[in-house]
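Q: Take a look at this one; I'll ask things after.
The values are calculated or read from the model by the stated rules, or taken from the named source; none is laboratory data. Everything quoted here is computed from the prediction, not taken from an experiment. Cβ atoms come from the backbone with ideal geometry, glycine included; neighbour counts cover every protein chain shown. Keep in mind that these areas ignore ligands, DNA and RNA; they rest on the heavy atoms of the full protein, side chains included. Shrake-Rupley method; radii C 1.70, N 1.55, O 1.52, S 1.80 Å.
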Amino acid sequence: PGKNIIAAEVYRWCDGSYFEDQDFWRMSGIQRSVFLHARPKTYIRDFFALSDLEKNYTDGLLKLTVLLSSAESNGRDYSVEASLFDNGQELYSESKSATLADNKAELYFEKSFPEIKRWSAETPDLYSLVISLKNKDGEVLESISSKIGFRKVEILNSQLLVNGKAIYLKGT
């Protein structure tokens, strides 16, 4: 409520212009989309999803870390729900409660999936991960989603492997 001002300061050139544009045309100003969005006072600050393969590359292992931050006072109770979908069908859903300390909280989720579809360049099978933040009354404050794929990238005997299969990188 009240009078608000949104301002943007755009620099024509900076000390990093050469490095940023060394192989492009030099253009000044804003060249990409800019958007503004509002977030609740308590929000999902960040998340990290590690989708790995185990048991001879057949089973998937999802390790998820969710970080919450708040502009409000400590101690308020929230819950975070993590769900994984395959073409709209829910494969997994788990909810954990979080009490903020020092205006932040960190939650961990871990789940194994037998016979998961593996991601590769030839078969780019992706799943939808949805993370929802809810208040103590169960009201959804914020939801974010991301596409994730289960794969394992490793180097064994000086060979680069993706899902246990050797790959070669060609380039200059």
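Q: Using a 7 Å offset from the Cα along the Cα-to-Cβ direction at both E94 and D137, what is the distance between the two label points in nm, to one decimal?
A: The two pseudo-label positions are separated by 2.9 nm.
Q: What residue among D52, D137, D77 shows peak mean-square fluctuation when the chain is described by a Gaussian network model with Cα springs under 10 Å?
A: Most flexible of the set in this elastic network: D137.
Q: At a threshold of 8 angstrom on Cα-Cα distance, excluding pairs fewer than six apart, so keeping six or more, what relative contact order does the stretch 118-172 reach in percent? The partial results should precede the final answer.
A: Values: 72 pairs, mean separation 15.4, N = 55.
Relative CO of the stretch 118-172 lands at 28 percent.
Q: Which of K41/K111; K111/K165; K63/K165; K96/K147; K3/K147; K41/K63 have a Cα-Cα distance over 31 Å? List each step's numbers first, then the result.
A: Details: K41/K111 29 Å; K111/K165 25 Å; K63/K165 23 Å; K96/K147 21 Å; K3/K147 38 Å; K41/K63 26 Å.
Cα-Cα > 31 Å for K3/K147; rest within.
Q: Taking only Cα atoms and a 10 Å spring cutoff, compute GNM fluctuations for the chain and point out the largest among T123, T58, T99.
A: T123
Q: Moving on to the next point. Which FRET efficiency value, to the nearest 0.05, is calculated for F85 and Y11 with the Förster distance at 35 angstrom and r the Cβ-Cβ distance? The partial results should precede the final answer.
A: Working: r = 42 Å, r/R0 = 1.21.
Approximately 0.25, to the nearest 0.05.
Q: Probe radius 1.4 Å, ligands and nucleic acids ignored: give me the carbon and sulfur share of the accessible area of the stretch 52-136 as a rounded percent. Before the final figure, lay out each step's value.
A: On the way: 2010 of 4680 Å².
About 43 percent, which is the carbon plus sulfur part of the accessible surface.
Q: Extending each Cα 7 Å along its Cβ direction at S158 and L36, get the distance between those two points in nm, one decimal.
A: Each label point lies 7 Å from its Cα, and together they span 5.8 nm.
Q: Hey, another quick one. Which of R12, R76, R39 moves most in a GNM of the chain, Cα contacts under 10 Å?
A: Highest fluctuation among the options: R12.
Q: For Cα Rg over 2.2 N^0.38 Å, one of [x] 0.92; [y] 2.58; [z] 1.37 was computed from the structure I shared and the rest are decoys. Which label?
A: [z]
Q: Under 5 Å between amide hydrogens, which residues at least 5 positions from Y92 or on another chain qualify, with H placed 1.01 Å from N in the peptide plane?
A: Hits under the 5 Å cutoff: L84.
Q: Now a separate question. If you place +1 on the Cβ of every Lys and Arg, -1 on the Cβ of every Asp and Glu, and leave all else neutral, what size is the dipole of the stretch 32-157 about its Cα centre, to the nearest 20 Debye? Please report the intermediate quantities before stating the final value.
A: Working: 17 positive and 20 negative charges, 73 e Å.
So the dipole magnitude of the stretch 32-157 works out to roughly 360 debye.
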